[in-house]
Structure formats: C-alpha cells, structure tokens
Amino acid sequence: MKFLRYLKSTAVLGLLAFSLMPALAQEAAIRKNLAEKMPAFSKIDEVTKTPMNGLYEVRVGFDLFYTDEQGNFLIEGHLLDVKNRRNLTEERVEKLTAIEFDKLPTEDAIKIVRGDGKRKLAVFEDPNCGYCKQFERELTKVDNVTVYLFLYPVLGPDSIVKSRNIWCAKDKTKAWHDWMLRSTAPATTECNMAAVKRNREFGQKYNITGTPTLLFTNGKRAPGAIGAQEVEKMLAEAKVP
C-alpha cells in the first residue's frame with residue numbers, strides 16, 4: 001500500500017511538473033528576448049500571465065509593462081477590464097505597494113492626536129513641500145484621529161535641515177505646526193537623525209515617490225494634497241473600530 005501511494009504521489013508530481021513546463025519556457029523566452037533587445041529589462045522581477053489571452057505582465061520593481069508570448073512587443077500603459085470596469089494595472093500596483101499599517105515604524109514618526117484619536121492615519125511629508133502645507137490646513141478640519149507624521153525630506157538639503165530642527169525640537173508637534181501652518185521656522189538644534197534617515201529608506205523601499213503620501217489602516221494610500229472630505233471618506237472606508 002505504501003508503495004502504491006508513493007507511485008501515485010510521484011505520478012501527480014510528474015504531471016504537475018509537465019504542465020508547468022510550457023509556462024516556464026514561455027517566461028524564459030520573454031526574459032531572454034526582452035533582455036537582449038532592451039538592456040533596461042536585464043533584471044525582470046516577475047513575469048505573470050494576465051487575464052487577456054497571449055498577454056503577459058512584466059514587472060521591474062514597481063513598474064508594470066505588458067508583452068506578447070515571446071517578448072517581441074512591449075506595451076507601457078494601463079490594462080483595463082472593460083466588461084467589469086476595472087483598472088487591472090492600478091489594482092496590481094496597489095497590491096504591490098500596500099503597506100501593513102501595523103508594521104509601520106511608528107517610533108520614527110511624530111504622533112499627533114486629535115480628539116479621541118480612535119481613527120488612524122500615517123502621512124509622509126517634506127517640510128518644504130507646498131502641497132504638504134495645503135494638506136496640513138485641510139487636516140485641521142479632521143477630528144478624532146491619530147496622525148503618525150513621518151518626516152520625509154526629499155526636496156533638497158534645506159528640507160533635511162528643517163526636518164532635523166523639527167525632529168530635534170522639545171515639542172515636535174508644535175514645531176511642525178508652527179512651520180507648516182504659521183510659517184514660523186523651527187529653531188536650529190541638533191540630535192540623533194537616525195529616524196529621519198530610516199524614513200527615507202522606508203519610503204524608497206515602498207515606492208513613496210512624492211509628498212504628501214497618506215497611508216490608511218486598510219493598506220490604501222493616497223498621493224497628493226487631498227481635501228478634508230476625501231480624508232474622511234478614506235478613513236471611513238478603512239473601517240477603523
């Protein structure tokens with residue numbers, strides 16, 4: 001009986017391996033042809049079949065492209081499911097860039113509590129970002145939320161200086177609001193800047209390319225200075241108890 005079970009399991013594994021061979025060969029062909037013709041595609045992270053017959057997704061980092069079965073043609077753009085009215089490219093990028101809120105390094109953020117603080121929101125901001133200042137004015141209209149502010153200086157050396165002065169201030173929240181809402185520059189000070197450095201590394205890892213970038217507890221993100229009403233809508237969609 002044990003021998004028969006062994007034969008059966010071996011046969012199943014053999015059939016599975018045989019069925020995967022065409023797919024693996026196709027992926028190999030796509031990788032080989034694209035790399036030979038386009039050096040930028042020498043390091044492809046993933047090749048996957050799309051719901052459209054004969055079309056494959058090629059992922060390089062967080063960038064998505066589409067190609068045929070042999071990698072002879074390349075498409076850059078969005079793949080739309082017209083029947084179900086879905087943007088498959090957007091959905092895929094959202095999945096790739098989703099960040100588990102509970103795994104955010106909140107010890108590297110400035111914690112700002114408004115009202116009862118039951119709802120949660122994280123935001124990456126550069127102190128010299130005009131859109132961030134616009135967003136901060138909108139955020140004053142949102143109550144009952146805990147905001148985890150990650151200083152994310154990406155706009156130049158002065159952004160790093162201002163981030164340092166805000167992070168090193170005795171009252172970080174006051175220093176941040178004084179600058180962003182009242183244009184009162186933070187006093188020059190010094191302290192350990194490792195947290196801000198880690199914020200930059202974290203943002204680069206998770207493709208946070210602009211400021212402000214908002215992160216919600218359901219993994220959704222919103223790039224740009226969205227208004228208070230949109231923030232409220234996305235907090236409600238996150239279904240925070």
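The values are calculated or read from the model by the stated rules, or taken from the named source; none is laboratory data. Quick caveat, the model's predicted, so the values are computed rather than measured. Reconstructed Cβ throughout: ideal geometry from the backbone, glycine too, with neighbour counts over all protein chains shown.
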Inside the stretch 1-25, the number of residues satisfying the requirement of being modelled with pLDDT of 50 or more and closer than 30 Å to Asn72 by Cβ is 4
So which residues in the stretch 213-241 are under 22 Å from Leu96 (Cα atoms) and among the charged types (D, E, K, R)?
Lys220, Arg221, Glu237, Lys239
Inspect all residues belonging to the stretch 74-89 and state whether any of them is farther than 30 Å from Asp171 by Cα, among the charged types (D, E, K, R) and within 17 Å of the chain's Cα centre (by Cα).
no
Taking the options Glu100, Glu107, Glu125, name whichever one is touching a residue at least 12 places away in the same chain (Cβ under 8 Å), closer than 20 Å to Glu201 by Cα, among the charged types (D, E, K, R) and crowded, with 19+ Cβ neighbours inside 10 Å.
Glu125
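Against the condition within 18 Å of the chain's Cα centre (by Cα), more than 30 Å from Ile160 (Cβ to Cβ) and either without any contact (Cβ under 8 Å) to a residue 24 or more places away in the chain or outside the structural domain of Asn192 (by TED's automatic domain parsing) (or both), how does Leu34 come out, does it pass?
On the way: within 18 Å of the chain's Cα centre (by Cα): no; more than 30 Å from Ile160 (Cβ to Cβ): yes; either without any contact (Cβ under 8 Å) to a residue 24 or more places away in the chain or outside the structural domain of Asn192 (by TED's automatic domain parsing) (or both): yes.
It is false that Leu34 is within 18 Å of the chain's Cα centre (by Cα), more than 30 Å from Ile160 (Cβ to Cβ) and either without any contact (Cβ under 8 Å) to a residue 24 or more places away in the chain or outside the structural domain of Asn192 (by TED's automatic domain parsing) (or both).
Can Phe73 be described as of a type in the set (Phe, Trp, Tyr) and out of contact with any helix residue (DSSP H, G or I) (no Cβ under 7 Å at 6 or more places or on another chain)?
So Phe73 fits the description; yes.
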When the stretch 86-106 is checked residue by residue, the ones that are in a strand (DSSP E or B) and basic (Lys, Arg) are Arg86
Taking the conditions exactly as written (more than 18 Å from the chain's Cα centre (by Cα) and assigned by TED's automatic domain parsing to the domain that holds Gly219), does Pro127 satisfy them or not?
yes
Here are some residues: Thr50, Thr140. Which one is β-branched (Val, Ile, Thr), outside the structural domain of Ala29 (by TED's automatic domain parsing) and farther than 15 Å from Pro223 by Cα?
Thr140
Pairs where the first residue, in the stretch 142-170, is over 20 Å from Tyr131 (Cβ atoms) and the second is among the acidic types (Asp, Glu), C-beta under 8 Å, 6+ apart
Asn144/Asp116; Arg164/Glu190; Cys168/Glu190
